[in-house]
Every structure is written in C-alpha cells, then in structure tokens.
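Notes follow the structure.
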Amino acid sequence: MALREITVPEVQEESRPLYAHVEVNEERCAGCQECIIRCPTGALSLNSGDWVAKADDALCVGCRQCERVCPYSAIAVSGPVLVSAPVRPAPHHPAHLDLDVSEIRRGFASWQEAEAEAARCLACPDPTCLKGCPAHNDIPAFIAAIREHDLDKAHAVLSQTTVLPDICSRVCDQAAQCEGACSWTLAGERPVTIGLLERFITDQQPIGAPEPMSDDGHGLSVAVVGSGPAGIAAAWELVSHGAQVTVYERDVEPSGVLAWGIPSFSLPDQVAKRPIDALRQAGVTVRTGISIGKDVMINELLDMHDAVILAHGASVPMHLNVPGVDLDGVEDATRFLKRAKAALGQGQRLPDIHPGTHVLVVGAGNTAMDVARSVRRLGGDATAVDWMDERFARVRRDELAEARAEGVVIRFLTSVERLEGRSGRLTTALLRHTRQSKASELPKLTEQTTEAMACDLVVMAMGYRVDGGLSLPFTGKLPLPRPDLAKVIPDRHWLASGILSQRGSVGPLAYEREQGLNQARRPQGDRIWVAGDALVGPSTVVGSMAQGKAAAQSVLAIRPRRGVLTPKIAASPSGRRLRVSSLLLTAGGLFVVSILLFLSVAGFVGGIVSAGLGAVMVAADRMTARTRKSR
C-alpha cells in the first residue's frame with residue numbers, strides 16, 4: 001500500500017496549504033520546553049533570545065501533541081494531519097455461518113503490510129499509547145523492531161510487560177486503550193493499528209515457555225488462585241524467577257474466561273490454551289476442580305505456601321430482577337457460552353437451538369455479542385437489547401459492526417419489563433423503551449406502551465460480579481470500590497503527557513486502571529495479594545494480566561515467609577510506593593522517619609522558594625531580552 005509522504009509539497013498561493021501551521025503565543029509561552037521535548041518530528045525548538053518556543057512548519061505533521069501538553073495553552077496548530085491511511089485487513093465473514101468457527105479478525109498477511117503500518121508510528125518521545133495500554137507495553141519500541149525485521153528484539157520488548165501478546169492482540173478493545181491513546185487518534189485521525197502489529201510478531205514467531213530470568217524467587221512457594229489472565233501472569237512471573245508455583249482452578253478445564261468465555265471465532269482454541277501449556281512445561285503445578293472455600297480454605301493455603309495470590313475472576317452472572325426469570329428457557333451467559341463452545345467445537349448444534357429459533361440476549365456488551373454471534377452459528381436468530389444509549393455502551397465498536405454484519409439485531413434504549421410463558425416455558429418478552437442523555441446518568445423508562453416479542457430462549461448477558469465473600473476475613477471487603485478520580489491528584493508524568501487533557505474517556509479510564517495496578521502491588525492481607533477481577537471487579541484481559549504480573553513482582557520483592565508478618569506497602573495515587581521495612585518498627589526507625597519528615601518539609605519549602613526565584617529570574621531575563629530587541 002502506497003504511503004503518503006510527510007513532506008511539504010509546492011503549492012500555488014491560492015490553493016489550500018498541505019502542511020500544518022503552528023502558532024506560538026509569545027506572551028503566554030513560559031519557555032518550559034514541555035512541547036519541545038515531546039515533539040516527535042523536531043518541529044519545535046527554543047529561541048534562546050526570547051526564551052520562547054519556535055516552530056518549523058516544514059517539519060510539523062499536525063499531530064498536535066504540543067497543544068495537548070502545553071500547560072499555558074500557548075500553542076495552536078491549524079491545518080491538516082499528515083498521516084497515511086492505516087493498513088487494516090477486512091474481517092473475514094464466512095459465506096455460511098452455520099457451525100463455522102473460523103477466526104473472523106485476520107492479521108497482516110505479509111511483512112510488507114506490517115512495515116507499511118509500522119511506518120505510520122511517530123515514535124513519540126512521551127508516548128500516550130504506552131499509558132493507554134494497561135500493561136504499559138513499550139509500543140514504539142516493538143514497532144521499531146518490526147521496521148528493523150528483528151522479531152527477537154520485538155519479543156524481548158513485549159516480554160518485559162506482557163505474557164499474553166498473542167491473546168491481547170486479538171481480544172483487547174484497543175480503541176479504548178492503546179489505539180485510543182495514539183497521538184493520531186488524539187489529533188482526530190485514525191490510529192496506528194497497534195493490536196495488529198502486536199499480533200504480527202506472535203504470528204511470525206510464536207511464544208515459548210517461560211525462560212529463567214533470575215533466582216529471586218528461589219525457595220518461595222506461592223499459591224495462585226485462578227487460572228485466567230491474572231493467574232497466568234502471576235504464575236509466569238513467579239516461575240521465571242525460580243519460585244515454586246501451584247495454580248488452583250475451580251473448573252475442570254484451566255484458563256478461566258479464555259477457555260469458556262471467548263468463542264473460537266474470536267480466540268482460536270490453540271491460542272487460548274498456549275499459556276497454560278507453557279506454564280506446565282515450565283514446571284508450574286495446575287490443580288483443577290479445586291474450589292477455594294469448599295475443597296480447600298485460604299488459611300490452609302497459607303499453611304502450605306509462603307504467599308497466596310487471589311486471581312479468581314468475576315464469575316457470578318448478573319440477572320434481571322423481573323417477573324418470569326425463573327421460567328424454563330432462561331439462562332445466564334456463562335452456561336450458554338460453555339454449551340455453545342463445546343457444541344461448535346464438535347461441529348454440532350444445541351438441542352434447543354435450530355433454524356427458526358429466536359434467542360433474546362439481554363445486554364449488548366462484548367459478552368452479549370459473543371452469545372448472539374454464537375447463536376447465529378448454531379442456526380438461530382438473535383436479538384440483543386440493552387437499556388443504555390449506544391453512544392455510552394462499553395462494547396467494542398468493531399464487534400458491534402461484525403455482529404450486525406452476521407445478522408444479529410441489536411436494539412439499544414430497550415429494556416425487558418417482564419417475561420411470560422405457558423406451562424412454565426418461556427414464550428414472550430415484554431419490552432419497554434428507555435432514554436439516556438448522559439453517560440453518567442442511568443437510563444429511564446419512557447411512557448410508551450410495552451412491546452411483546454416472541455422468543456424461545458433468553459440469555460442474560462449483562463455482565464458479572466465477583467464473589468466478594470471468598471477472601472473474607474483475610475483481606476477485608478473486595479473488590480475495591482472504583483477510585484474517585486476527582487479526589488486524586490494525578491502524577492506529574494500523567495499530567496505532562498497530555499492524555500488527561502483530551503476530551504473523552506480514554507485518559508480517565510487509563511488513569512483509573514493505573515490505580516488498580518498500584519493496588520495490586522500491595523498485600524491486601526498477611527501474605528495475601530489480590531489481582532484482576534478479584535481486586536477491582538470485572539476487568540479486561542490485559543488489565544487483569546498486568547495486575548497479576550504486578551502482584552507477583554511484589555511477592556518476589558518482599559519474599560514473605562510462613563510465620564513472619566508481611567511488611568506493608570503504602571501506595572500513592574500516582575503509582576509510586578514506599579516499602580516499610582522492619583527498621584521502621586523500631587524506636588531508631590521512628591527517629592529516622594522524624595528526621596526524614598523534617599528534611600522533606602524543609603526541602604518542599606525550599607523548592608517553593610527556589611521555584612519562585614527561578615520564575616522571577618526567567619521573567620526578568622525575558623523582559624531584558626525583549627527590551628533589547630525592541631531597541
């Protein structure tokens with residue numbers, strides 16, 4: 001695919017300019033150089049005479065990073081965004097869906113396609129895509145490795161932060177994460193297709209078993225509860241550093257939601273099973289059919305292991321509290337997806353779904369789309385209803401488009417009022433219209449009359465919640481409540497990146513995920529860590545994976561032991577943490593803390609004075625320079 005050159009062509013005076021223009025307000029510019037150090041093309045520099053930023057339009061591509069990061073709103077960029085069109089393979093829709101589980105989303109077919117897309121990356125000095133990724137993958141670095149045809153280097157980059165690149169690249173909602181935070185997206189253009197580039201690396205060179213990284217975990221025995229994304233990442237990190245790891249899984253088949261919750265047409269079985277097979281190959285013990293709190297208690301795990309990481313998923317389905325939910329023909333998404341995946345995997349239909357069967361799916365999120373699209377492959381008709389406005393629904397936009405292309409009827413602003421049946425068997429759903437004007441407000445029922453819809457099966461796919469009683473009384477109430485970002489002062493690095501200054505939800509969502517990542521590093525009880533859904537409620541695959549890895553790293557750093565009280569870690573909202581050692585529990589330690597506190601306060605006051613004097617000196621220098629210039 002031909003790329004549009006990022007150069008300034010010669011144009012006639014009266015024609016529309018084919019380059020961006022940067023305007024610097026000299027009265028507002030403080031010469032802080034935030035824009036200069038973050039410009040990916042070197043279009044900005046500092047005028048040492050006036051101590052203000054100056055721009056070279058010939059180098060500007062219109063990404064508008066300078067606008068977003070300027071703390072004084074001193075820069076305005078006008079003109080086009082100079083970026084080539086993305087390379088994105090079209091989804092594969094089989095001519096006949098019937099019993100077809102072939103993968104819908106295809107990867108790049110050649111190095112040429114991958115290189116063309118990699119060339120669109122600006123390699124930003126302070127990449128917002130990295131902050132948008134819950135795992136903080138070094139995206140510019142692995143894209144640069146693709147440009148260099150160096151797959152070993154690309155894998156080395158990814159292995160620093162992720163153990164599921166082949167899975168995350170397929171199931172992540174990149175538009176709400178890395179690609180939503182791409183500089184091109186923030187400038188109003190289409191992003192670099194980061195997910196496809198990540199997948200290309202693993203398509204070309206599959207991931208092996210965990211490799212020994214160090215002996216930091218030698219002598220440690222750790223129990224990991226749950227074998228989903230959080231548990232896999234925790235076990236991977238621990239065994240890579242020499243720890244002895246046992247994974248406890250309630251289901252007979254390990255891998256959690258990766259095994260039963262994502263259909264094969266979105267995540268092929270061989271890809272979903274790869275991590276658990278690799279962990280077993282590395283020596284991790286995986287015990288299935290073990291229910292914590294029933295077959296074994298948490299205190300028993302603490303007696304058998306030095307540490308416990310609770311990484312179980314949100315497995316309790318949410319149900320509508322309406323009349324008729326107890327009718328035969330009403331089930332939850334978990335049960336349906338397990339039945340459907342098993343049947344489709346064997347090339348068979350379900351006995352209650354055949355051509356002409358109408359299934360009503362309650363919900364229109366990602367799980368609901370998985371249910372509805374599975375129904376279509378089983379030969380039935382599917383209608384999904386959700387009481388939210390489509391604008392505010394948390395669902396992958398590409399998945400909505402794919403479902404509609406496959407014949408799924410999706411109705412937003414529609415709620416189920418009650419279910420009716422005959423002789424205990426479901427026959428009809430009564431629907432009501434809703435309205436919603438803001439994402440922060442719950443939808444409300446309208447005054448319109450109810451609508452009767454004939455249906456043979458209803459699947460509740462509104463989401464899941466965590467069994468909060470599993471870890472009590474060892475950890476306190478979990479999952480943790482969502483952080484109130486209005487009461488949190490963001491870290492300087494987050495503020496300076498510009499990701500939080502942009503309208504939309506990508507920045508706040510990314511920073512909210514950062515708080516969960518920070519909490520995963522803290523022991524939630526004596527020798528107990530919690531990660532993923534168990535910690536923050538229903539999460540994403542990549543978010544859970546990142547937290548599992550963070551919890552394991554904390555275990556390796558603290559090295560808890562049976563019979564020894566676990567040191568506490570105080571976490572700041574910005575993600576920094578302070579380890580409190582046994583020294584601070586002594587009188588001498590308290591004295592040291594007092595001295596450090598005094599010095600910190602003195603340093604803070606001194607910093608304010610220095611900053612004030614610095615600002616005055618800079619202002620005086622600029623005034624002198626401008627006076628000389630005017631003369």
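Does Arg465 fit the bill of being open to solvent by 60 Å² or more (accessible area, probe 1.4 Å), charged (D, E, K, R) and within 21 Å of the chain's Cα centre (by Cα)?
Taking the combined requirement at face value, the residue satisfies it.
For the range 559-568, indicate whether the set of residues that are surrounded by 18 or more Cβ atoms within 10 Å (Cβ to Cβ) and modelled with pLDDT of 95 or more is non-empty.
Yes, some residue in the range 559-568 is surrounded by 18 or more Cβ atoms within 10 Å (Cβ to Cβ) and modelled with pLDDT of 95 or more.
Say whether the condition of being within 30 Å of Ser374 (Cβ to Cβ) and open to solvent by 40 Å² or more (accessible area, probe 1.4 Å) is met by at least one residue in the range 426-434.
Yes: one or more hits.
State whether the residues of the range 115-126 include one that is open to solvent by 20 Å² or more (accessible area, probe 1.4 Å) and within 24 Å of Ile262 (Cα to Cα).
No: zero hits.
Could you figure out which of (1) surrounded by fewer than 17 Cβ atoms within 10 Å (Cβ to Cβ); (2) more than 30 Å from Gly347 (Cα to Cα) isn't true of Glu67?
(1)
For the range 359-413, give me each residue that is closer than 16 Å to Ala176 by Cβ and open to solvent by 30 Å² or more (accessible area, probe 1.4 Å).
Asn366, Thr367, Met388, Glu390, Arg391, Phe392, Arg394, Arg397, Asp398, Ala401, listed by residue number.
Identify, by number, the condition in (1) surrounded by 16 or more Cβ atoms within 10 Å (Cβ to Cβ); (2) in contact (Cβ under 8 Å) with a residue 60 or more places away in the chain that Val488 doesn't meet.
Val488 satisfies every listed condition except (1).
Please state which of the following conditions Leu419 fails to meet, knowing it meets all the rest: (1) without any contact (Cβ under 8 Å) to a residue 60 or more places away in the chain; (2) open to solvent by less than 70 Å² (accessible area, probe 1.4 Å).
(1)
Check Val77, Val81, Val61, Val101 and return the single one that is among the hydrophobic types (A, V, I, L, M, F, W, C), in contact (Cβ under 8 Å) with a residue 40 or more places away in the chain and farther than 20 Å from Leu186 by Cβ.
Val101
How many residues does the range 320-357 hold that are buried (at least 19 other Cβ atoms within 10 Å of the Cβ), β-branched (Val, Ile, Thr) and over 23 Å from Trp387 (Cβ atoms)?
1
Which of the residues belonging to the range 228-245 are buried (at least 24 other Cβ atoms within 10 Å of the Cβ) and either without any contact (Cβ under 8 Å) to a residue 40 or more places away in the chain or part of a strand (DSSP E or B) (or both)?
Val245, the sole residue that qualifies.
Could you look through the range 186-208, keep only residues that are without any contact (Cβ under 8 Å) to a residue 60 or more places away in the chain and surrounded by 20 or more Cβ atoms within 10 Å (Cβ to Cβ), and pick out the one that is farthest from Gly79 (Cα to Cα)?
Thr202
Among the numbered criteria (1) under 30 Å from Cys129 (Cα atoms); (2) more than 26 Å from the chain's Cα centre (by Cα); (3) among the small types (Gly, Ala, Ser), which single criterion is violated by Ala429?
Single failed check for Ala429: (1).
So that you can scan it fast, the table gives a plain yes or no per residue for (1) surrounded by 19 or more Cβ atoms within 10 Å (Cβ to Cβ); (2) at pLDDT 95 or above:
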| site | (1), (2) |
| --- | --- |
| Cys39 | yes, yes |
| Ser48 | no, no |
| Val52 | yes, yes |
| Asp56 | no, yes |
| Ala76 | no, yes |
| Ser84 | no, no |
| Arg88 | no, no |
| His92 | no, no |
| His96 | no, no |
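Check off (1) modelled with pLDDT under 95; (2) on the phi > 0 side of the Ramachandran plot for Ala393 and give me the number that stays unchecked.
Here Ala393 clears every test but (2).
Go through the range 110-210 and tell me which helices (runs of 4 or more DSSP H), entirely inside it, have 2 or more residues that are among the aliphatic types (A, V, I, L, M).
Qualifying helices (runs of 4 or more DSSP H): 111-118, 139-147, 151-159, 165-171, 194-204.
Tally time: how many residues in the range 101-114 are surrounded by 15 or more Cβ atoms within 10 Å (Cβ to Cβ) and not basic (Lys, Arg)?
Count: 7.
The values are calculated or read from the model by the stated rules, or taken from the named source; none is laboratory data. Computed from a predicted model, the values in this text were never measured in an experiment. Here the Cβ is made from the backbone with ideal geometry for all residues, glycine too, and neighbour counts use every protein chain on show. To get the accessible areas, we keep the full protein, side chains included, count just its heavy atoms, and leave off ligands, DNA and RNA. Shrake-Rupley method; radii C 1.70, N 1.55, O 1.52, S 1.80 Å.
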